[in-house]
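*Asks:* The following block contains the structure, expressed as C-alpha cells.
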Amino acid sequence: MPFLSVLAAQERIVSHFEPVESETLPLSQCAGRILASDILSSDLPLFDNSSVDGFAVIATDLTTASPNSPIMLHVVADIPAGSSPNIILSSGNAARIMTGAPLPKGADAVIMVEDTDFNYRETNKIAPENVKIIKSIRAGENIRRRGMDIKSGHKVLFTGQRLRAQDIGLLAMLGMAYVNVYKRPRIALLSSGDELVPVEKHLEPGKIRDSNSYTLAVLITDVGCEVIPLGVASDNREAIQFLFDQAASVEADAIISSGGVSVGAFDYVKEVIESNGRLDFWRVNMRPGKPLAIGEYRGLPFIGLPGNPVSAFVGFEVFVRVALRRMAGQHSTTKLPGHQTVRVRLAEAVESDGRESYLRAVIEDQDGGFSAKLTGHQGSGNLLSIVQANALLIIPAGVKSLAIGAQVDAWLL
Ligand code: AMP
Ligand code: MG
C-alpha cells in the first residue's frame, strides 16, 4: 500500500472531481452560487449625472462669482432623479438638479445648493425662478461621467468566483436578471458502523451517536453543495452496498462516507467499492486520519474518510473541501485548497512525529501578529479540540519538534 504525501494525495483526489454542469437562475437566487461565465460590464454610470443636489450650470458663467458679488442665473428646468431632461442649457441659465439625475445638454458643472442663495430646506418642493450663485466652479465638478466607474467591455466578474452581496448588486446594476451559475453538486453522505445511532434514536449500551453525518453535512453545505443524507450503514456488505446503490439511483454527483475504511475486521466499505468500481486505498503521511479510501462507485467519485470525528473533520478540510470546490466550479488549487491561511507564532512548544500534522489551536492577535495555543489533547476522537479551536496549525512533514515562537501556517476555521 503506497504511503503518499498530503499534496500528492490531494492532487490525485482532485483529478477525480470534474465541475458539474451550469444552469441559468434568476438573480435573486444566485447569492453564494459560483459563476459559470465571465461577466462583461456596460458603461457605469450609464449616463452623465449629478453627484450632488444643486444647479446644473455652465462653468464659464460663474468665473467671477463670490459671496460679495453673486451671479444670478435664470432657472429654466427642474430635473429630479429618474427624469430625462430634453433641454439644452444656454449661457445665463441654470437647471435645478438632484443627485443621480441626468445632466442636461449644455451644462458642464453642478453647483451645490449650499453655494447658492436657495434655501432648499424650506422651499425644496418648488424650484426658484432665479438663483444667486456665490462661488465659481470648474467644468466637470460634481458630475459623474458616463463610464467613469467601469468602461463598457471591461471584465468585472469571473467564472469560478462565488457571488457575494456586492457581486449580486453589480449584476443588478448591469441588468442581469438571469445568471449562468454552476449547479450545486449533490453529495450523498453516509456513515458506517454497527455502533452508530442517529441523534433522535434511543442509545443502547455500547452504541454512540453518529456525529460525523451532522458535522460533514454542514461542511459539505458550506462548500456550496447539496447533501443527500443516506444515514448509517451497519458493518456488513449488504447494508453498505444498499446505501451506495441508493446514491447511484438518485444520481448523486459524488459519495462521501466516514468510517469503515481502516483495516479493522468489519471494515467493508473498501470491499464494496472495489467490487462495483475502482478503489485506491492509501496511507497518507499525515496526522490525524491516515487511512483514506478514494475511488469510484458505479461511475460516481467517492471519498471514504476515517471514522474518528477529528480525523473525519480534518480529512474533509485537507482532501474533500478542495475536491468539492472543484466540483462546484469554484477556483482552487491543491496549493490553495480553499482556506484562509495566516502565519502564526507558537505560544507553546509542539512535538510531532514527522508526519504532516494538522493540530487544533486557538489563535489570537498578539503584537501585530497571531499567537497559537493548542486546544487540549489532540486525540483523533476528541471533537472538543475542534470545537474550541479557531484554526488548524500545519506542522510540515519531516518536523519532529518546534520551539515556542516558531512560525507555521494556520487555516482559519
Ligand atoms: P472506523 O473508521 O470505522 O474504524 O471508526 C473509528 C472510530 O470512529 C470508532 O471509534 C468509531 O466508533 C468512530 N466513528 C466512526 N464513525 C463515526 C461517526 N459517524 N460518528 C462518530 N464516531 C464515529
Ligand atoms: Mg467502524
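*Asks:* For SER257, indicate whether it is under 31 Å from the mean Cα position of the chain (by Cα) and within 16 Å of ligand 2 (Cβ to nearest atom).
*Replies:* yes
*Asks:* Return the pair list, or none, for Cβ contacts closer than 7 Å from residues in the range 295-319 that are more than 12 Å from ligand 2 (Cβ to nearest atom) to residues that are among the basic types (Lys, Arg), at least 6 apart or on different chains.
*Replies:* Here the result reads GLY295/ARG278; GLU296/ARG278, each pair linking the range 295-319 to a residue that is among the basic types (Lys, Arg).
*Asks:* For the range 250-271, enumerate the residues that are crowded, with 23+ Cβ neighbours inside 10 Å, at negative phi and within 16 Å of ligand 1 (Cβ to nearest atom).
*Replies:* ILE255, ILE256, SER257, SER258, VAL261, VAL269
*Asks:* Could you please find all residues in the range 342-353 being at pLDDT below 95 and loosely packed, with under 14 Cβ neighbours inside 10 Å?
*Replies:* GLU351, ASP353
*Asks:* Since ALA247 meets every condition but one in (1) part of a strand (DSSP E or B); (2) free of Cβ contacts under 8 Å to residues at least 60 places away in the same chain; (3) crowded, with 23+ Cβ neighbours inside 10 Å, which condition does it not meet?
*Replies:* (1)
*Asks:* For the range 116-166, give me each residue that is at pLDDT 95 or above and in a helix (DSSP H, G or I).
*Replies:* ALA165, GLN166
*Asks:* What number of residues within the range 192-229 are over 17 Å from ALA312 (Cβ atoms) and more than 12 Å from ligand 1 (Cβ to nearest atom)?
*Replies:* 9
*Asks:* Looking at the range 334-349, can you tell me whether even one residue there is out of contact with any Leu (no Cβ under 8 Å at 6 or more places or on another chain) and part of a strand (DSSP E or B)?
*Replies:* Scanning the range 334-349, I find at least one residue that is out of contact with any Leu (no Cβ under 8 Å at 6 or more places or on another chain) and part of a strand (DSSP E or B), so the answer is yes.
*Asks:* What's the number of the condition ARG184 fails, among (1) closer than 14 Å to CYS30 by Cβ; (2) part of a loop (DSSP other than H, G, I, E, B); (3) without any contact (Cβ under 8 Å) to a residue 40 or more places away in the chain?
*Replies:* Only one criterion is unmet by ARG184, namely (3).
*Asks:* Going by the conditions given, is ALA389 surrounded by 14 or more Cβ atoms within 10 Å (Cβ to Cβ), of a type in the set (Gly, Ala, Ser), in contact (Cβ under 8 Å) with a residue 24 or more places away in the chain and over 26 Å from ASP222 (Cα atoms)?
*Replies:* When the stated conditions are applied, ALA389 does not pass them.
*Asks:* Let me ask you something else. Could you say whether any residue in the range 104-115 is among the hydrophobic types (A, V, I, L, M, F, W, C), part of a helix (DSSP H, G or I), away from ligand 1 (no atom under 16 Å from the Cβ) and more than 30 Å from ALA312 (Cα to Cα)?
*Replies:* Yes, that holds for at least one residue.
*Asks:* In addition: Can GLN407 be described as in contact with a strand residue (DSSP E or B) (Cβ under 7 Å, 6 or more places away or on another chain), modelled with pLDDT under 95 and more than 26 Å from ARG209 (Cβ to Cβ)?
*Replies:* no
The values are calculated or read from the model by the stated rules, or taken from the named source; none is laboratory data. Because the structure is a prediction, the values reported are computed rather than measured. Methodologically, a virtual Cβ is constructed for each residue, glycine included, from the backbone with ideal geometry; neighbour enumeration extends over all protein chains shown.
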